[in-house]
Each structure stands twice: as structure tokens, then as C-alpha cells.
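Structure, as C-alpha cells:
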Amino acid sequence: MDVIYTHCCGLDVHKKTVVACLITSAEGLEPVKESRTFRTMTADLLALADWLQQAGCTHVAMESTGVYPRFKGLR
């Protein structure tokens, strides 16, 4: 299989946590997978962003289930 994105992350969003699975790969090497769980408070989400940035993550996909309220002014 051809590698399209060498540094990417999948996020599973829950009410109180976000589970992040970071996958990094290089030519000829097995992909390295690392999972971490973050709370959904601002400081924790900023820590998630810092972790992804430091790892060189270029693409993120988010999966979530459930009902989220619409915020006034957002569509």
C-alpha cells in the first residue's frame, strides 16, 4: 500500500475525552502508532494540539457520534 500521508492522526471525540491515534511512517519502515487520551477542557485540547504539532502531524480526521447543540450564529 502506498503511503499518502506520513504524519496523520485520527480523533475519536467523546463528551469528556478525545482519543487521538497518531500514525507516522517513513519510506521502508513499519508505521509507528501512538494513542493518547485527552480531556475536553481547553488546556487539555491545547496539549493535544501541541503534541500533534511537535510530531509533525499534517492531517487530522475526526470521528464523533452523538448529538451536538447548534450554537447561535454558527452554521
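Below is a table of values for the structure above.
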read-out	value
Any hit, region 36-54, residues being of a type in the set (K, R) and surrounded by 12 or more Cβ atoms within 10 Å (Cβ to Cβ)	yes
Within region 1-34, tally of residues that are touching a Cys at 6+ places or on another chain (Cβ under 9 Å) and within 15 Å of E63 (Cα to Cα)	8
Output for region 14-30, where each listed residue is of a type outside the set (A, V, I, L, M) and surrounded by 11 or more Cβ atoms within 10 Å (Cβ to Cβ)	H14, T17, C21, T24, S25
Hits in region 1-13 (condition: in contact (Cβ under 8 Å) with a residue 12 or more places away in the chain and open to solvent by 40 Å² or more (accessible area, probe 1.4 Å))	V3, Y5, T6, H7, D12
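The values are calculated or read from the model by the stated rules, or taken from the named source; none is laboratory data. These numbers come from a predicted model, not from an experiment. Don't worry about glycine lacking a Cβ; one is built from the backbone with ideal geometry, like all the others, and counts go over all protein chains shown. Ligands, DNA and RNA are excluded from the accessible area calculation, which covers all protein heavy atoms including side chains. Shrake-Rupley method; radii C 1.70, N 1.55, O 1.52, S 1.80 Å.
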